[in-house]
1. Starting from the Cα gyration tensor of the stretch 228-267, take the square roots of the eigenvalues, sort them a ≥ b ≥ c, and report rounded, prolate or oblate (rounded when a/c is under 1.5, otherwise prolate if a/b is larger than b/c, else oblate).
2. Using Cα-only point scatterers and the Debye equation, what is log10 of I(q)/I(0) for the stretch 1-45 at each q in 0.23 Å⁻¹, rounded to two decimals?
3. Of 228, 194, 73, how do they rank once you tally other Cβ atoms within 10 Å and put the fewest first?
4. For the chain, calculate the relative contact order in percent as a whole number, restricting contacts to Cα pairs under 8 Å that are 6 or more residues apart.
5. Which angle from 0 to 90°, rounded to the nearest 10, does the C-alpha axis of helix 3-15 make with the longest principal axis of the chain?
6. Under 10 Å, Cα contacts only: if you run a Gaussian network model on the chain, which one of 97, 53, 276 comes out with the highest mean-square fluctuation?
7. Once you place label points 7 Å from the Cα toward the Cβ at residue 127 and residue 33, how far apart are they in nm?
8. Be a star and scan the stretch 16-41 for residues whose amide nitrogen sits under 18 Å from the point 7 Å along the Cα-to-Cβ vector of residue 52.
């Protein structure tokens, strides 16, 4: 028996397609096809119905899924227990976080962490999706959320606050004490409609004043810096920018807790504990991640 065949099977079942499974596994889609075909040939049954909408398990596939998932869970539980015995400050720590937290929290501190722990290798996965810590896709997750998962070991390390900012050159032309409908605005598109900013902008800014919409928070701050308009920005990213001026105080409606999460079975792994404690100390010492600000509002500047 080759467990990898069953790993490929579970990836296709979870993704619903060969291409999705290939992306999840980091392999070519032909490799996935070959593995599934080989497993079906060895077992003598079809495991999937190949539909136009994707791959759907057959009755045999559903039976195999139940068994394979139990085996996977048992293997991962054993791996967690063994990993918990690792007391060496060396090895790989897989970290997932968002682009914004990578730029505002991780990036400035990585050189210091490397200096303190040269034998620990970090693998950073930048995504807005919470990778699965239970299946050990990652070891640590750093997320801005007010609803952290109950089954993860975590602690709140800060708060993300939001305020309206504009570029100094843009505001010198328009003025920094205007009503919202007198500015050009940069907003979010429908893919980020779940964020509080989206309905807030719809209520407070006329639609014709929203000149650009996008689905990337880092791109939004870059557009504001280049004078395309004003926008709600993360304070921990916008405050250090010398060319940006804050037009409002942070709105508590948008406050989001920043959480440092890991699997409970990994809490005693030395390399993971070293990383999480380092990040927690850095966040605690950063006034912007603790709700503070660096500069007054634009109308209060000299």
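1. prolate
2. With one equal scatterer per Cα and no solvent, log10 I(q)/I(0) is -0.69.
3. Ordered by Cβ neighbours within 10 Å, fewest first: 194, 73, 228.
4. Relative contact order of the chain: 22 percent.
5. The angle comes out near 50 degrees.
6. Highest fluctuation among the options: 53.
7. Once both label points are built, they end up 2.4 nm from each other.
8. So the set is 17-18.
Read-outs: derived from the displayed coordinates by stated rules, not from any lab. Predicted, not measured: the structure shown is a model, and the values here were computed from it. Virtual Cβ from ideal backbone geometry, glycine too; neighbours counted across all protein chains shown.
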